[in-house]
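Below is one structure, written out as structure tokens, with a few remarks after it.
The values are calculated or read from the model by the stated rules, or taken from the named source; none is laboratory data. The shown structure was predicted, so the numbers you read here are calculated from the model rather than taken from an experiment. Using ideal geometry, Cβ is built from the backbone for each residue, glycine included, and neighbour counts are taken over all protein chains shown. The protein model used for the area step is the full one, side chains on, heavy atoms only, and it has no ligands, DNA or RNA in it. Shrake-Rupley method; radii C 1.70, N 1.55, O 1.52, S 1.80 Å.
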Amino acid sequence: MRSVVVADNDGIVHSENLEVNAVDGCNLKCRSCSHASPLLRPKDFADPGQTGVALRSLARWLRVQHIRLQGGEPLLHPDLLGLIDQIRGSNIAERIRLVTNGVLLARAEPAVWSAIDEVQVSVYPGHEPSKDEISHWLERAMQHGVEVRLRPMSKFMESYSEQGTDDPVLVRRIYDTCLVAHVWRCYNVADGRFYKCPQAHFLPKFLNTRADDGIVIADDDSFGAALLAYLNADVPLESCRNCLGAVGKFFPHEEIRGVQWRDPQRVPTEDLVDWEQLVKLENTQYVYSLIMRDRRAADAEAVVRLDRS
């Protein structure tokens, strides 16, 4: 499944998206959240200045179609507009997409709506927006030329195991079939570092491992080669020992609050793997069909799409 990442003739890697974690924590407690937001604090948020410096340096070697500004819940950031301004000023992305659960969206300032291009609302059971809420969002979107998507999220995938696995063959299989890192390429920037997937940033934060799965973003002529070497590395990340990649079992969405949040994950990786899915993802033709299906689904789930005028 892994494909070689190459730079274009301009020396720049061009990709679809890059994620910036505005806030680590969240106002919801979704079980097995892939960003582990229920375990992290809403007060841990991206510093706008530091983020801007990192993105401007990275923009010498990477350009993306859009930045996914998410979390946690990005609307918890105390200076979200300042963060957006820094992202826009880096010129690393053509568009900025705010990814939110929608609960706090009505409080977003008009200036925030003016500063972004897209809003993606992940709609979770028990937190479905009312027709009045959607009408309010659409009114703001029309005023500011913003595209709005509503994405129902009724199922979650097991994202990680507390115990992990000591089987290097399984770790390799999970890494090689990881859609997040190799197909969707959900690159992530946090704390001045670049990660090929968000789990490489989040998992070590609460598992207290010594994993160093990212690379420091440097503003020098050698970083372009270092970036390509990192993206094309054949070795699984340290976090892959605990991560389920794209082969975790599916389950109906639920929220678990308090100290019980980690309990369902206190089992070995082997107990959480969807083995049938793992075998399927090792089939190149199946992966291709999955990509085509996801593209069609993305179009279908756009309940409302308003193009910038």
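Annotations for the structure displayed:
- Exactly one residue among Asn188, Asn208 is in contact with a helix residue (DSSP H, G or I) (Cβ under 7 Å, 6 or more places away or on another chain) and either of a type outside the set (Lys, Arg) or farther than 30 Å from Arg60 by Cα (or both), and that residue is Asn188.
- Failed criterion for Ala106 (all others in (1) modelled with pLDDT under 95; (2) part of a loop (DSSP other than H, G, I, E, B); (3) among the aliphatic types (A, V, I, L, M) hold): (2)
- Among residues of the range 76-98 being without any contact (Cβ under 8 Å) to a residue 40 or more places away in the chain and assigned to a helix (DSSP H, G or I), the one that is farthest from Val216 (Cα to Cα) is Leu81.
This table checks each residue for (1) buried (at least 22 other Cβ atoms within 10 Å of the Cβ); (2) at pLDDT below 95; (3) touching a helix residue (DSSP H, G or I) at 6+ places or on another chain (Cβ under 7 Å); (4) more than 19 Å from Tyr187 (Cβ to Cβ).
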position	(1), (2), (3), (4)
Arg2	no, yes, yes, no
Leu39	no, yes, yes, yes
Asp44	no, yes, no, yes
Gln70	yes, no, no, no
Pro78	no, no, no, yes
Gly82	no, no, yes, yes
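- When Arg172, Arg149, Arg97, Arg88 are screened for being over 24 Å from Val53 (Cβ atoms), of a type in the set (Lys, Arg) and modelled with pLDDT of 95 or more, only Arg172 passes.
- Residue within the range 135-145 that is surrounded by fewer than 14 Cβ atoms within 10 Å (Cβ to Cβ), free of Cβ contacts under 8 Å to residues at least 24 places away in the same chain and out of contact with any Ser or Thr (no Cβ under 7 Å at 6 or more places or on another chain) present: yes
- Filter pass, Ala246 being within 18 Å of Gln277 (Cα to Cα), assigned to a loop (DSSP other than H, G, I, E, B) and either among the hydroxyl-bearing types (Ser, Thr, Tyr) or open to solvent by less than 30 Å² (accessible area, probe 1.4 Å) (or both): yes
- Taken over the range 149-193, the criterion of being outside any helix (DSSP H, G or I), of a type in the set (A, V, I, L, M, F, W, C) and open to solvent by 70 Å² or more (accessible area, probe 1.4 Å) is satisfied by Trp184 alone.
- Given (1) touching an Asp or Glu at 6+ places or on another chain (Cβ under 9 Å); (2) under 18 Å from Glu139 (Cα atoms), index of the condition Leu81 fails: (2)
- Once the range 272-309 is narrowed to residues that are open to solvent by 80 Å² or more (accessible area, probe 1.4 Å) and acidic (Asp, Glu), the residue that is modelled with the lowest pLDDT is Asp307.
- Considering (1) open to solvent by 50 Å² or more (accessible area, probe 1.4 Å); (2) touching a residue at least 40 places away in the same chain (Cβ under 8 Å); (3) under 21 Å from Leu62 (Cα atoms), the lone condition that Asp220 does not fulfil carries the number (2).
- From the list Val148, Val112, Val121, the one residue that fits, being touching an Asp or Glu at 6+ places or on another chain (Cβ under 8 Å) and under 28 Å from Arg63 (Cα atoms), is Val148.
- When residues in the range 25-65 are screened for being assigned to a helix (DSSP H, G or I), closer than 23 Å to Phe250 by Cα and among the aliphatic types (A, V, I, L, M), 1 of them pass.
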